[in-house]
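Written below as structure tokens is the structure these notes are about.
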Amino acid sequence: MINSSEQYLDALGATQSLTAEQTAELETKGYVIIHNVIDKDWLEDMRVTFDALVEKEGDNLAVEHHQEATATRIANMINKGTVWEKVWSHPLILSVCRHIFRGAFKVSSLNGREALHRGGHQPLHADWKKPRPDFPKVHLVNSIWAIDDLSAANGAPRIIPGTHHRPELPEDVLADVGLPHPDEVVFEAPAGSVMIYDAHAWHGGTNNTVGTRRRVLHSLYIDREDAQQQDQRKWLKPETASRLTPAQKWLLDVL
Ligand SMILES: O=C(O)CCC(=O)C(=O)O
């Protein structure tokens with residue numbers, strides 16, 4: 001019988017070794033980019049399901065979390081299609097999370113986002129906004145999944161390498177968090193790539209100046225002691241729960 005975090009993570013396949021280069025990048029930059037995580041058929045399934053949700057939910061999109069004026073958002077995706085289950089419980093992503101957290105974690109939320117034409121710019125921010133008396137403990141790890149090709153022109157996310165080592169929030173130290181940052185790196189990558197990052201690092205969406213499709217997923221993980229962005233005990237539908245393994249339920253903290 002499984003009864004420890006380590007055993008659940010093993011059962012989820014979070015046992016993959018990171019390369020020395022990935023380990024070094026996570027330490028120095030705070031993020032790593034992995035290509036070809038999503039294959040062609042899975043991508044197609046994601047695109048169709050993403051667009052069907054947008055069509056179906058209309059004005060109610062992302063009411064479970066928050067709406068954004070110039071970007072389409074979908075929240076609570078854990079309950080919105082089997083195609084997403086391989087995302088939030090992906091063994092490689094969980095292996096990277098295990099490395100970054102160095103302790104037990106759980107899913108915080110799974111959301112979708114698409115910067116609309118001439119929209120999508122966000123201030124630089126860290127996903128964890130609370131004080132950090134326990135710095136440098138990691139509370140949040142995020143992964144951005146490219147469903148479409150991401151480019152600087154179509155609003156790919158930017159991230160400032162090394163800022164995961166800073167205890168301050170960008171708004172506390174930068175004169176204007178809306179401006180380009182001299183050190184920023186834009187996550188330009190082909191569809192199917194995933195950027196995993198320590199979500200204390202400063203980052204944000206950029207403007208989609210050309211209007212090409214730019215759908216992404218945000219699969220967010222949090223220290224097991226912290227509160228999920230999307231309380232899975234409240235939101236998990238019986239229909240979703242019926243498909244999940246005990247280890248997946250542990251990862252959602254609904255066991
Ligand atoms: O999708 C992106 O470009 C990043 C979005 C982001 O950082 C956020 O919504 O908090």
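The values are calculated or read from the model by the stated rules, or taken from the named source; none is laboratory data. It should be emphasised that the depicted structure is a prediction, and the values quoted were computed from it without experimental measurement. Glycine gets a Cβ as well: all are built from the backbone with ideal geometry, and neighbour counts include every protein chain shown. Accessible surface is based on the protein model in full, side chains and every heavy atom, while ligands, DNA and RNA are left aside. Shrake-Rupley method; radii C 1.70, N 1.55, O 1.52, S 1.80 Å.
In terms of Cα to Cα distance under 26 Å, which lysines are near enough to Lys106, apart from those fewer than 8 places away along the same chain?
By straight Cα distance, Lys106 reaches Lys29, Lys80, Lys86, Lys129, Lys130, Lys137, Lys234, Lys237, Lys249.
Counting only heavy atoms of protein chains, what accessible area per residue, in Å², does the chain have with a probe of 1.4 Å?
In whole numbers, the chain has 45 Å² accessible per residue.
Which value in deg cm²/dmol, rounded to the nearest 500, describes the helix-derived mean residue ellipticity at 222 nm for the chain, given -39,500 (n - 2.57) per DSSP H run of n ≥ 4 and division by the residue count? Could you put the intermediate results ahead of the total?
Numbers: 9 runs with 68 residues, N = 255.
Calculated from helices alone, the mean residue ellipticity at 222 nm is -7000 deg cm²/dmol.
What longest range of the chain stays clear of loop-exposed trypsin sites (Lys or Arg not before Pro) (DSSP non-H/G/I/E/B, at most 10 other C-beta within 10 angstrom)?
Within the chain, the longest run free of exposed trypsin sites (Lys or Arg not before Pro) spans 130-242.
So, with a 1.4 angstrom probe, what is the percent of accessible area on the stretch 1-148 that is carbon and sulfur?
Of the solvent-accessible surface of the stretch 1-148, carbon and sulfur hold 52 percent.
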